[in-house]
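Undergrad: Below is the structure I would like to discuss, written out as structure tokens.
The values are calculated or read from the model by the stated rules, or taken from the named source; none is laboratory data. Just so it is clear, the structure is predicted and the values come from calculations on it, not from any experiment. A quick note on method: Cβ atoms are made from the backbone with ideal geometry, for glycine too, and the neighbour counts reach across all protein chains shown.
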């Protein structure tokens, strides 16, 4: 039996889809910051690509956090913004590790351009980060009595 379009489950799915759409837009903005800084540090400032990546990633992380808490997600699991940011950043650091590994494999193993490898890495990191952040940070906390 399928859910009614007005059921709580259907409403939750609509909310998640709307948040995913807003997260795509916010991620695009954060990725633009990340990518432009990354390319500029390599091409203009002469940085090594594996050093430019974390610097650019940090600016993208700050951008996506601000957009996530202000525009993307409606529910907050952790009431203390400092703790929330630490968890958000930890997920970002996991994403950065995946990013670095994918950049290395893309550039050194697959002979992709720095930018091509970055695009490949960004797609994987986007999916991982959204799922973890939604699950761990931006869902309503439910006590055992509510479950």
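Undergrad: Of everything in region 108-118, what is surrounded by fewer than 19 Cβ atoms within 10 Å (Cβ to Cβ) and touching a residue at least 12 places away in the same chain (Cβ under 8 Å)? Give them in sequence order.
TA: Just the residues of region 108-118 that are surrounded by fewer than 19 Cβ atoms within 10 Å (Cβ to Cβ), to begin with: 108-116.
Within region 108-118, 114, 115 meet the criteria.
Undergrad: Can you tell me which of (1) without any contact (Cβ under 8 Å) to a residue 60 or more places away in the chain; (2) surrounded by 19 or more Cβ atoms within 10 Å (Cβ to Cβ); (3) under 17 Å from residue 127 (Cβ atoms) is the one residue 23 doesn't meet?
TA: Of everything listed in (1) without any contact (Cβ under 8 Å) to a residue 60 or more places away in the chain; (2) surrounded by 19 or more Cβ atoms within 10 Å (Cβ to Cβ); (3) under 17 Å from residue 127 (Cβ atoms), residue 23 misses just condition (1).
Conditions (1) in a helix (DSSP H, G or I); (2) at pLDDT below 95; (3) surrounded by fewer than 12 Cβ atoms within 10 Å (Cβ to Cβ); (4) under 12 Å from the mean Cα position of the chain (by Cα), marked per residue:
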{"position": "6", "(1), (2), (3), (4)": "no, yes, yes, no"}
{"position": "19", "(1), (2), (3), (4)": "yes, yes, no, no"}
{"position": "34", "(1), (2), (3), (4)": "yes, yes, no, yes"}
{"position": "60", "(1), (2), (3), (4)": "yes, yes, no, yes"}
{"position": "64", "(1), (2), (3), (4)": "yes, yes, no, yes"}
{"position": "75", "(1), (2), (3), (4)": "no, yes, no, no"}
{"position": "82", "(1), (2), (3), (4)": "yes, yes, yes, no"}
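Undergrad: Only one of 124, 112, 94 is at pLDDT 90 or above and assigned to a helix (DSSP H, G or I); which? Write out each step before concluding.
TA: Numbers: 124 fails: at pLDDT 90 or above; 112 fails: assigned to a helix (DSSP H, G or I).
Criteria check complete, one pass: 94.
Undergrad: Can you spot a residue in region 2-19 that is in contact (Cβ under 8 Å) with a residue 24 or more places away in the chain and farther than 21 Å from residue 135 by Cβ?
TA: Pass one, region 2-19, residues in contact (Cβ under 8 Å) with a residue 24 or more places away in the chain: 15-16, 19.
Now drop any that are not farther than 21 Å from residue 135 by Cβ, which leaves none.
There is no residue in region 2-19 that is in contact (Cβ under 8 Å) with a residue 24 or more places away in the chain and farther than 21 Å from residue 135 by Cβ.
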